[in-house]
Amino acid sequence: MKLVRFGPAGREKPGIIDANGKIRDLSGVVPDIAGEALTPKGLAKIAKAKLDKLPLVRGNPRLGPCVGKVGNFIGIGLNYADHAAEARLALPDEPIIFNKVTTCICGPNDDTIMPKESKKLDYEVELGVVIGQRARYLSKQDALKVVAGYFLANDVSERNFQIDRSSGQWNKGKGCETFGPIGPWLVTKDEIKDPQNLDMWLDVNGEKRQRGNTRTMVFGVAHLVWSCSQFFVLQPGDIIVTGTPPGVGLGFKPDGKFLNVGDAVRLGIDGLGEQRQTIVKFRM
């Protein structure tokens, strides 16, 4: 299934993509694509709905973030071997785990706001994972059982905040407003045969920047979910973005290729759709 949330920001409705690529309204089936709806019981309820009987959504509504009411937005750093080489950094022995503030979450095609005092605005195409069951101290063989599905994400980052002004932590450069576009869809895990073999790409103003495949992850999805569960409880609707391949702006020598107001960013992952963002100036 491809599950969506559509409508004005803050008032999104749940939906599902039918065989013709049209949105069908799920409001009569579940209140939102969030929490309980993402559990095995909730997804089974959605799967039983007769698509042709659901209301057809007319026109081209705004797509909101594909998961609502996210409790924990987890990021993974330096998780692609080729990206670590680009950054001239050693591969980590364990996953580097950080948080993106949930207020950064936005729709897949919403504008990206350049923060005040931004100097090094960057992009990162990433595979996202949605948790569908409460999980703590998972075994490695059971880790994928708690995954509800996958999505496309752009882990937007401000490198000056993240590195130069970090005081040793990344959160300042990861959680600014609009730094978490997710979607267009949540694709249930039964539709993604192998999360470790997905091509991914990102372009800026039509210029090829990132090209990669999830096979070069240092730690695969199962390992990441297992690892997170050893340190904190995962809940239905929590999301994990799993790292990025080479080609980020920070990696271009000598001074980087960072985003400016007016730039157009496009990105995609096999089976998970595409996103488009325009960089806009901060306004009060």
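The values are calculated or read from the model by the stated rules, or taken from the named source; none is laboratory data. Bear in mind the structure is a predicted one, so any value in this text is a computation, not a measurement. Because the Cβ atoms are built from the backbone with ideal geometry, glycine has one as well, and the counts that use them run over all protein chains shown. Just so you know, the surface numbers come from the protein's heavy atoms only, side chains and all, with ligands and any DNA or RNA stripped out. Shrake-Rupley method; radii C 1.70, N 1.55, O 1.52, S 1.80 Å.
See the values below:
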| quantity | calculated |
| --- | --- |
| Residue in segment 40-51 that is at pLDDT 95 or above and on the phi > 0 side of the Ramachandran plot present | no |
| Residues located in segment 17-55, provided they are touching a helix residue (DSSP H, G or I) at 6+ places or on another chain (Cβ under 7 Å) and in a strand (DSSP E or B) | Arg24 |
| Residues satisfying the stated conditions in segment 210-253, i.e. touching a residue at least 40 places away in the same chain (Cβ under 8 Å), in a strand (DSSP E or B) and under 17 Å from Asp155 (Cα atoms) | Gln210, Gly212, Met217, Ile239, Ile240, Val241 |
| Qualifying positions in segment 134-154 - over 17 Å from Ile76 (Cβ atoms) and surrounded by fewer than 22 Cβ atoms within 10 Å (Cβ to Cβ) | Arg134, Arg136, Tyr137, Ser139, Gln141, Asp142, Lys145 |
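For every residue, the table says whether it meets (1) open to solvent by 10 Å² or more (accessible area, probe 1.4 Å); (2) touching a Gly at 6+ places or on another chain (Cβ under 8 Å); (3) at pLDDT below 95.
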residue	(1), (2), (3)
Gly132	no, yes, no
Val156	no, yes, no
Asn160	yes, yes, yes
Gln169	yes, no, yes
